[in-house]
Amino acid sequence: MSTVNHHPESSMLVDFSAGNIATAPSICVSAHLHFCSQCRNELLRLDQVGSNLMSEVEPTEVGEHLFDSVMSQIDQLPKSDTAEVSSTCNMADSRYPLLVNKLINGSESVPKWRRLSRWLDVAQVTTGQNEYEVALHKICAGGKTPRHNHGGQEFTVVLKGSFSDEQAVYKEGDFLSCQPGDVHQPLGAQNGECICLSALAAPIKLSSPFGFLMQPWLRINPM
Amino acid sequence: MLGFTIKLVDQNEEPSTKTVLLSTEKRSDQWSMLLVSVAETRDRRAFSQLFSHFAPLLKSFAQASRHEGWFPGLSEDLVQEVMIKVWQKSASYNPEKASATTWIYTVARNCRIDMLRRKSNTQHLPLENEDFWHEADEDTPVSLMRQKRSEDKVQSCLARLPKEQDEILRKVYLEGKSHAEASNELGLPLGTVKSRVRLALQKMQILVAPEFRDEVL
């Protein structure tokens, strides 16, 4: 767990702590936190900032009836929580963050691997928003993915295995943020497949000469 | 003579600072104890004391929100939702990890996001916002002390932040503006907003310079 080397920018953790980032990037930050105790501890302290600011506001009187209303709602609560996810899709993995497994198992349509190229599969998951496409990517061992250009922001967390690009090697738990205009070519590690979770804001552009052939497959498709 | 005067002032000031610290410590412990007794014995009196203290704060917190789609009419709904969650989830509260105030803040933030998400979602998301959060794992006695120290540090530093840093933190945490939105509103470059926040966090010793991170944690 201590091998995580790539973290979200601190401003992103602050926005996460304050609850100000969109669902899809939040999913990626949360998946990173599962692997990264350093960011979990930073987050706890950031939450202390929020709590201090909250407790210093001038209190506003609440309606007289409010307490009774809360108590009567409490009295009507069902005795136990039975909202467990029952189905398990074989794409889930006990070492993944719980939230990722919930996304996989709770998706309205069961996520399925779809081949993008010889080396790359993608499986979309449902996240109920339409700003980002959230998907799992599987790069096979030694796989070469197309060199691509990012039209919009993309956040990626490595869930299993590792891959590299021109900049670095990314291992389990590492968090990458690609800005519009960034170009990179991820390569799967030789020693096994690599599975990543990513949230992509806008279509990526392939920069290889035959990349246009894959363009239709890469159109953003939030669900 | 001058030295003597200074010494006298020091002596006078020290006890009063201590008293203030002691009383805040006691106060926060009181809420934590009440919360624990709600969890353990479903103590309704303790819950009503928590309610009297936190509900008005939560209402102000809700009213401070400037999220898109949020309106003041939702404030008491949020208060109710948070307090019901506090009752329901109190068993998961661990007083060794956070003060009751911090824990209730996280419940409030999560409820606020869930309410906004419920309003704006067109489709189904199989998650609740609390699924996004992990418990911090500093749970050894040494870390517990560190945790308390960091809460105190945050509190005392927040009170002394320069206005421009304080203003942005409030926008981010209370109004719910992202760094990017705050930069738009204040007419400041995004880099400036980020560096003001970063400075504030460094003062509170929340952000450790990356090269020292491993040593400290």
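The criterion of being touching a strand residue (DSSP E or B) at 6+ places or on another chain (Cβ under 9 Å) and not hydroxyl-bearing (Ser, Thr, Tyr) holds for A:PHE35.
Does A:GLN129 count as closer than 29 Å to B:ILE84 by Cα and over 15 Å from the mean Cα position of the chain (by Cα)? No; evaluated as a whole, the condition is false for this residue.
Filtering segment A:46-74 down to residues that are part of a loop (DSSP other than H, G, I, E, B) and either of a type in the set (Ser, Thr, Tyr) or more than 7 Å from every other protein chain (Cβ to nearest Cβ) (or both), which residue is surrounded by the most Cβ atoms within 10 Å (Cβ to Cβ)? The extreme case among them is A:THR60. Annotation note: Cβ proximity below 8 Å between a residue of segment B:37-63 that is without any contact (Cβ under 8 Å) to a residue 40 or more places away in the chain and a residue that is surrounded by 19 or more Cβ atoms within 10 Å (Cβ to Cβ) and acidic (Asp, Glu) (sequence gap 6+ or interchain) occurs for B:LYS59/B:GLU76.
Within segment B:152-180, the set of residues being crowded, with 19+ Cβ neighbours inside 10 Å, part of a helix (DSSP H, G or I) and within 8 Å of chain A (Cβ to nearest Cβ) comprises B:VAL154, B:GLN155, B:LEU158, B:LEU169, B:VAL172, B:TYR173, B:LEU174, B:HIS179. Would you tally the residues in segment B:93-121 being more than 7 Å from chain A (Cβ to nearest Cβ), crowded, with 20+ Cβ neighbours inside 10 Å, touching a Ser or Thr at 6+ places or on another chain (Cβ under 7 Å) and not polar (S, T, N, Q)? Adding up the residues that qualify gives 1. I need a count of the residues in segment A:87-106 that are among the polar types (S, T, N, Q) and more than 20 Å from A:THR23 (Cβ to Cβ). Summing the residues that are among the polar types (S, T, N, Q) and more than 20 Å from A:THR23 (Cβ to Cβ) in segment A:87-106 gives 4. I'd like to know if segment B:76-92 contains one or more residues that are exposed (fewer than 14 other Cβ atoms within 10 Å of the Cβ), within 24 Å of A:GLY63 (Cα to Cα), more than 10 Å from chain A (Cβ to nearest Cβ) and not charged (D, E, K, R). Checked against the condition, which is being exposed (fewer than 14 other Cβ atoms within 10 Å of the Cβ), within 24 Å of A:GLY63 (Cα to Cα), more than 10 Å from chain A (Cβ to nearest Cβ) and not charged (D, E, K, R), segment B:76-92 yields no hits at all.
Read-outs: derived from the displayed coordinates by stated rules, not from any lab. Remember, predicted model here, so these are calculated numbers, not experimental data. So basically every Cβ, Gly included, is an ideal-geometry build from the backbone, and we count neighbours across all protein chains shown.
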